[in-house]
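Only one structure is covered here, and it is reproduced in the block below.
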Amino acid sequence: MDATDWSIIQELQKGIPLCPRPYREIAGRCALEEDEVLRRVRVLCEEGVIRRLGARLGHIRAGITGNILVAWHVPEQDVNRVGEALATVADISHCYQRRPLPDFPYNLYTMVHAPTPEQAMKCVEKISQSLAVTDYVTLPTLKELKKSSPCYASPGGNQ
Amino acid sequence: MAELCLNSLQRKLLQIIQSDFPIVSRPYQELAQQVEAREGEVIETIRQLCEQKVIRDFAPVFDYRRLGYAGTLAAVSVPAEQVDQVAAVINAYPEVTHSYLRDHRYNLWFTVIAPSEEHLRHLLTEIEAEAGCPPIQALPTQHVFKINVAFEFSQGESH
């Protein structure tokens with residue numbers, strides 16, 4: 001990534017312009033040609049720098065009251081097998097391996113989604129049974145306190 | 001309730017633009033062909049979804065690691081009477097992107113990103129000192145098994 005990529009990233013993270021030629025709009029702000037912006041955005045997507053290009057949803061997911069964070073404790077040698085199995089569950093949107101704490105031994109974290117909290121708990125029990133992982137803790141959200149999009153700055157400062 | 005009252009055009013558009021906003025000169029025209037609408041209608045619909053906060057942010061999701069950033073999930077166990085004050089300190093940091101109050105001894109959970117590992121460590125120490133809270137536990141990701149899958153909209157009208 002070079003300074004030109006960063007200038008495009010800076011503009012893109014302000015939001016995709018809502019006009020017929022948004023990439024030309026971005027190009028204009030970066031003093032580039034539209035084709036150059038299109039080419040670079042494609043590369044940023046292909047290389048995985050941009051994970052998803054488009055809309056982040058707001059209260060649609062938040063409106064589903066059955067979202068629940070579940071932390072699972074799995075023996076170290078089973079982490080990959082169980083992590084991959086959890087990843088295939090349709091009701092799970094995220095599955096991460098995380099470093100356990102001395103007083104919190106859980107090493108796999110998942111977000112489980114269902115229309116209601118009761119259905120989410122049922123879903124968690126089902127997953128626990130089918131994968132034979134019985135040591136887990138559910139971490140229901142009492143309140144969402146903050147949700148914002150990160151703002152990235154180029155390491156060399158903004159141009 | 002969960003999916004609000006979205007019409008068929010809104011659902012189709014949201015399904016596509018969650019991850020696949022076209023990288024072409026006239027992306028809204030291409031979307032218009034996919035959903036059988038007019039370009040202007042597509043732009044106006046997305047604008048309204050942004051205004052209604054159904055779309056929280058119409059901008060790319062970046063892989064923070066690929067941008068050279070460091071990040072972690074963090075948890076802290078805060079006495080009930082201190083929660084509001086500690087949460088206010090945590091949430092005031094722009095580097096903190098999400099935070100939640102959870103039903104567990106570890107009751108405050110947040111995600112944080114910073115331009116380097118060192119910056120991230122300093123930040124957590126700084127928050128701890130400023131909030132006067134018990135040690136903040138970092139739970140860094142060791143492996144991603146599944147991430148941020150697009151929300152599945154049932155197609156058609158719902159009321």
*Is it fair to say B:Glu36 is surrounded by fewer than 16 Cβ atoms within 10 Å (Cβ to Cβ), touching a Lys or Arg at 6+ places or on another chain (Cβ under 9 Å) and not polar (S, T, N, Q)?*
yes
With respect to B:Tyr64, is the statement that it is in contact (Cβ under 8 Å) with a residue 24 or more places away in the chain, closer than 29 Å to A:Cys95 by Cα and surrounded by fewer than 20 Cβ atoms within 10 Å (Cβ to Cβ) true?
yes
Looking across the stretch B:39-61 at residues that are in a loop (DSSP other than H, G, I, E, B) and facing chain A (nearest Cβ under 7 Å), the single one that is surrounded by the fewest Cβ atoms within 10 Å (Cβ to Cβ) is B:Lys53
Reported set for the stretch B:65-110 where residues are touching a Gly at 6+ places or on another chain (Cβ under 9 Å), among the charged types (D, E, K, R) and more than 9 Å from chain A (Cβ to nearest Cβ) is B:Arg65
- Task: State whether one or more residues within the stretch B:86-93 are among the aromatic types (Phe, Trp, Tyr) and closer than 14 Å to A:Leu18 by Cα.
- Result: no
Per the filter on the stretch B:74-96, residues surrounded by 19 or more Cβ atoms within 10 Å (Cβ to Cβ) and either over 26 Å from B:Gln18 (Cβ atoms) or not assigned by TED's automatic domain parsing to the domain that holds B:Trp109 (or both) are B:Ala74, B:Ala75, B:Val76, B:Val78, B:Val86, B:Ala87, B:Ile90
Of the residues in the stretch B:100-124, those that are more than 16 Å from the chain's Cα centre (by Cα), over 18 Å from B:Gln85 (Cβ atoms) and not hydrophobic (A, V, I, L, M, F, W, C) number 10
### Task
Considering every residue within the stretch B:75-83, establish whether at least one is part of a strand (DSSP E or B) and within 17 Å of the chain's Cα centre (by Cα).
no
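The values are calculated or read from the model by the stated rules, or taken from the named source; none is laboratory data. Note that the structure is a prediction, hence the values are computed from the model and not measured. Counting neighbours? That spans all protein chains shown, and the Cβs are built from the backbone with ideal geometry, glycine included.
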